[in-house]
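Notes follow once the structure below has been shown.
The values are calculated or read from the model by the stated rules, or taken from the named source; none is laboratory data. A quick note: this is a predicted structure, and the numbers were derived from the prediction, not measured. Cβ coordinates were reconstructed from backbone atoms using ideal geometry, including for glycine residues, and neighbour counts include every protein chain displayed.
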Amino acid sequence: MENKFKLTREQNVFVAKRNIVDYIWKSANLEGIGVTYPETQTIYDGGIVNGLTVDNIIAINNLKYAWQFILENDEIESDFNVLCHLHKLTCDKLVLDQNLGKLRTTPVNIGGTSWKPDFPIESQIKEELQDLLSQTEKTSTEIAIEVMLWVMRKQMFIDGNKRVAMLLANKIMIDNGCGIITIALENQKIFFEKLIKFYETGDNIDLKKWIYDTSIDGLKL
């Protein structure tokens, strides 16, 4: 699985900043936040939007802050600490403070399937993440996609797992000049169908290829 884009980090940051509202809009909708692109732009710019819940507005702003963290911190490794920090940023004021950046201690249900993830164990999470990040035989793009899907399936946080997963994956993508992972609204139904299958089987091959083929944005030089 080759890198589709071969950018410098500076070029990749330029791409991200140019399209950041679009990425936030798509990510929000992936989490069931029914916000329009113009509404997302208004919230991003600090404006007032009527008709949205307070939580939805907070979620958009939190994604903004999380993206800013990614773009401004290239020297920080994409490790467990960053994963937990991204959860703090994306879920601030949306979950109880004691759950921010902490592995969940209660069971979770996933819509569309009876499959249930195991309780997360910190030592195991750290080891598995390090193993994924250390795959020297794979490209940064493939590693980023695998990390994203692994975080989604682990469901290690009480909420916001898909947002955190995509953010961490995109930090890996940007730091290595590989573009941006973003799932278009018209593809999200297919994505969820494939994601449920991945949850139930643990086999990421089909979904990984689909994301690679349909959901990587970048700049051809």
Starting from residues that are part of a loop (DSSP other than H, G, I, E, B) and either touching a residue at least 24 places away in the same chain (Cβ under 8 Å) or on the phi > 0 side of the Ramachandran plot (or both), keep the ones in the stretch 113-126 and report whichever is surrounded by the most Cβ atoms within 10 Å (Cβ to Cβ). Pro117
Counting only residues that are part of a helix (DSSP H, G or I) and either surrounded by fewer than 20 Cβ atoms within 10 Å (Cβ to Cβ) or of a type in the set (A, V, I, L, M) (or both), how many does the stretch 65-79 have? 7
Whether any residue in the stretch 40-47 is under 15 Å from Ile180 (Cβ atoms) and charged (D, E, K, R) is what I want to check. no
Listed by first then second residue, the pairs whose first member lies in the stretch 152-167 and is more than 14 Å from Arg104 (Cα to Cα), whose partner is of a type in the set (Asp, Glu), with beta carbons under 8 Å and at least 6 positions apart or on separate chains, are Lys162/Glu31; Arg163/Glu31
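For (1) more than 15 Å from Ala165 (Cα to Cα); (2) in contact with a helix residue (DSSP H, G or I) (Cβ under 9 Å, 6 or more places away or on another chain), each residue gets a yes or a no:
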| residue | (1), (2) |
| --- | --- |
| Lys4 | yes, yes |
| Lys26 | no, yes |
| Thr40 | yes, yes |
| Tyr44 | yes, yes |
| Asp55 | yes, no |
| Asn81 | no, no |
| Lys93 | yes, yes |
Selected residue (criterion: farthest from Leu168 (Cα to Cα)) from residues of the stretch 11-50 that are hydrophobic (A, V, I, L, M, F, W, C) and in contact with a strand residue (DSSP E or B) (Cβ under 9 Å, 6 or more places away or on another chain): Val15
Which residues, counting only those in the stretch 1-51, are part of a loop (DSSP other than H, G, I, E, B), touching a residue at least 24 places away in the same chain (Cβ under 8 Å) and either surrounded by 12 or more Cβ atoms within 10 Å (Cβ to Cβ) or out of contact with any Gly (no Cβ under 6 Å at 6 or more places or on another chain) (or both)? Met1, Glu2, Asn3, Lys4, Phe5, Lys6, Leu7, Asn19, Glu31, Ile33, Val35
Give the residue, chosen from Leu129, Leu83, that is in a helix (DSSP H, G or I) and crowded, with 22+ Cβ neighbours inside 10 Å. Leu83
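Matching residues to (1) out of contact with any strand residue (DSSP E or B) (no Cβ under 8 Å at 6 or more places or on another chain); (2) at pLDDT 95 or above; (3) not polar (S, T, N, Q):
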| site | (1), (2), (3) |
| --- | --- |
| Asn61 | yes, yes, no |
| Ala66 | yes, yes, yes |
| Phe69 | yes, yes, yes |
| Asn81 | yes, yes, no |
| Cys91 | yes, yes, yes |
| Asp97 | yes, no, yes |
| Leu103 | yes, yes, yes |
| Thr106 | yes, no, no |
Among the listed residues Thr90, Thr53, which satisfies the condition of being polar (S, T, N, Q) and under 17 Å from the mean Cα position of the chain (by Cα)? Thr90
Scan the stretch 6-16 residue by residue and report those that are of a type in the set (D, E, K, R) and touching a helix residue (DSSP H, G or I) at 6+ places or on another chain (Cβ under 7 Å). Arg9
